[in-house]
Amino acid sequence: MSALDDLYQELILDHYRNRRHEGVLERPSVAVDHNNPLCGDQIHLELLIEDGRIAEVGHTGEGCSISQSSASMMSEVLAGRPLDEALDLVEHFRLVMHGDEQADEDRLGDAVALEGVAKYPVRIKCALLSWMAAKDAMLNHNTHE
Ligand code: ZN
């Protein structure tokens, strides 16, 4: 493994052990549950959306280290973003996971550490779970506005 792989491995473990934005919100605008039966990963995701932006993110769940650390990284990256920007970011991450785009560290923050997961097709769904939940939550919210 290269030094960069080691660093990324550390980041993934750090987010897995110490999840950012873990928990539920007091007054979420929208809540969704997604799961990945292939691996047994689950996520419950809540967003507080105010003035067209993600004011707060909360998540709970269980599953493998990839799925749970990804939820933590996703929450950190999306919190505070306008919805259109957040949706663009989710799309960028999806394309990175499918090997169609190079990860942009400036946009993805710590989630850049998950880029290597694209090499392991069975784990891609683990990494994408929380991001697809976020997209679902944002689109759900938009249709109810
Ligand atoms: Zn998994």
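We did not get these values from a lab; they are worked out from the coordinates using the rules stated. Given the structure is predicted, the values throughout are model-derived calculations rather than measurements. Using ideal geometry, Cβ is built from the backbone for each residue, glycine included, and neighbour counts are taken over all protein chains shown.
What's the number of the only condition in (1) within 16 Å of the ligand (Cβ to nearest atom); (2) surrounded by fewer than 20 Cβ atoms within 10 Å (Cβ to Cβ) that ALA127 fails to meet?
Of (1) within 16 Å of the ligand (Cβ to nearest atom); (2) surrounded by fewer than 20 Cβ atoms within 10 Å (Cβ to Cβ), only one is false for ALA127: (2).
Starting from region 89-112, take each residue that is on the phi > 0 side of the Ramachandran plot and list its partners that are among the hydrophobic types (A, V, I, L, M, F, W, C), counting only C-beta distances under 6 angstrom and pairs at least six apart or across chains.
If the second residue must be among the hydrophobic types (A, V, I, L, M, F, W, C), the pairs left are GLY99/ALA118; GLY109/VAL77.
Can you name the residue in region 11-64 that is aliphatic (A, V, I, L, M) and part of a loop (DSSP other than H, G, I, E, B) and is also nearest to the ligand (Cβ to nearest atom) among such residues?
LEU38
Can you tell me which residue is nearest to the ligand (Cβ to nearest atom) among those in region 89-124 that are farther than 18 Å from HIS15 by Cα and crowded, with 20+ Cβ neighbours inside 10 Å?
Looking at the filtered set, the residue picked out is MET97.
What helices (runs of 4 or more DSSP H), lying completely within region 81-145, carry at least 2 residues that are under 25 Å from CYS39 (Cβ atoms)?
The helices (runs of 4 or more DSSP H) meeting that bar are 83-97, 121-144.
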